[in-house]
Each structure stands twice: as structure tokens, then as C-alpha cells.
Amino acid sequence: MKIMLVDDSRTIRNIQKNVLKQLNHTDVVEAADGVEALARFQEQVPDLMFVDWNMPNMDGLTLVRKIREVNRTVPIIMCTTEAEKSRVLEAIKAGVNNYIVKPFTVDSLGEKIQQTMAKVNAAAGAAAH
């Protein structure tokens with residue numbers, strides 16, 4: 001499974017990569033902001049995306065909206081320090097499939113990946129029938 005990490009902090013991306021490696025996910029692409037992520041997305045669509053909210057050049061919410069204009073199915077998990085309910089709802093309206101608040105643990109990230117992929121696969125299965 002190819003996973004794209006979009007975060008302006010290299011440290012956060014490294015932490016995410018280490019956590020993903022512990023969960024046996026090693027096919028990881030990185031982007032430092034929404035502009036770079038969109039370009040990489042157009043080159044190759046990942047199987048799952050982790051998107052930070054607050055980034056320079058293009059924030060995570062704008063990125064999610066732009067991706068949803070061209071691709072409604074790629075699973076996106078908003079990974080941010082923004083924990084207020086209104087922000088979570090705004091992200092869901094924009095098209096994220098799930099939401100995780102930093103800092104997170106290996107277990108909580110693994111659980112979010114499982115939940116998200118199960119939901120997406122169930123929806124794909126339902127759409128196929």
C-alpha cells in the first residue's frame with residue numbers, strides 16, 4: 001500500500017514514517033505542503049494519504065478539496081493538532097475519511113488506518129453491487 005505523508009514538518013513526517021514502518025507500511029511518499037502533494041498526487045495516486053492542516057503555500061483543507069475535485073475515492077486522514085469539533089466537521093465536509101489528532105501512538109495510528117481502509121473497502125464493495 002502506497003501512503004503519502006503531507007506535512008510541512010520533516011520531523012513529523014519522520015515520526016509518521018517510523019510509526020508506519022512499525023505497522024509494516026514501507027511504501028511512503030512525502031510532500032512538504034499542499035502544492036507539492038498535489039503535483040505528486042497527479043504523478044501517482046497513493047492508496048492512503050495523511051494530510052496536515054496547517055502548512056504554508058497550500059493548507060491541508062484546500063488540498064483535500066482540490067483532490068476531491070478529481071478523485072472522490074482515495075482515503076484521506078487529516079492528521080493535525082486541530083482538535084475542536086467544528087474543525088473536525090469542516091474537514092469531514094471537505095472530504096476527509098478520518099481524523100487523528102497529534103500526538104498519536106503507534107496503536108492509535110494503526111487503528112485509524114484499519115478503520116479508514118475498512119470503511120473505504122465496504123463503500124467500494126457496496127458500490128460494486
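The values are calculated or read from the model by the stated rules, or taken from the named source; none is laboratory data. Values in this document were obtained by computation on a predicted structure and should not be read as measured data. Every residue, glycine as well, gets a Cβ built from its backbone with ideal geometry; the counts of neighbours run over all protein chains shown.
Would you mention how many residues in the range 58-90 are under 18 Å from Leu109 (Cα atoms) and free of Cβ contacts under 8 Å to residues at least 40 places away in the same chain?
Keep residues of the range 58-90 that are under 18 Å from Leu109 (Cα atoms), which gives 74-83, 88.
Retained after the next criterion (residues that are free of Cβ contacts under 8 Å to residues at least 40 places away in the same chain): 74, 76-78, 80-83, 88.
The qualifying residues number 9.
Which members of the range 1-41 meet the condition of being surrounded by 17 or more Cβ atoms within 10 Å (Cβ to Cβ), out of contact with any Pro (no Cβ under 6 Å at 6 or more places or on another chain), part of a loop (DSSP other than H, G, I, E, B) and without any contact (Cβ under 8 Å) to a residue 40 or more places away in the chain? Hit for the range 1-41 is Ala32, nothing else. If we keep just the residues of the range 69-112 that are part of a strand (DSSP E or B) and of a type in the set (S, T, N, Q), which is nearest to Ala37 (Cα to Cα)? Taking the candidates together, the pick is Thr80.
Taken together, the residues in the range 76-87 that are at pLDDT 90 or above and in contact with a Lys or Arg (Cβ under 8 Å, 6 or more places away or on another chain) amount to 2.
Among the criteria (1) assigned to a loop (DSSP other than H, G, I, E, B); (2) within 25 Å of Arg10 (Cα to Cα); (3) of a type outside the set (Val, Ile, Thr); (4) without any contact (Cβ under 8 Å) to a residue 40 or more places away in the chain, the one Met55 does not fulfil is (4). Number of residues in the range 31-68 that are more than 17 Å from Tyr99 (Cα to Cα) and hydrophobic (A, V, I, L, M, F, W, C) equals 9.
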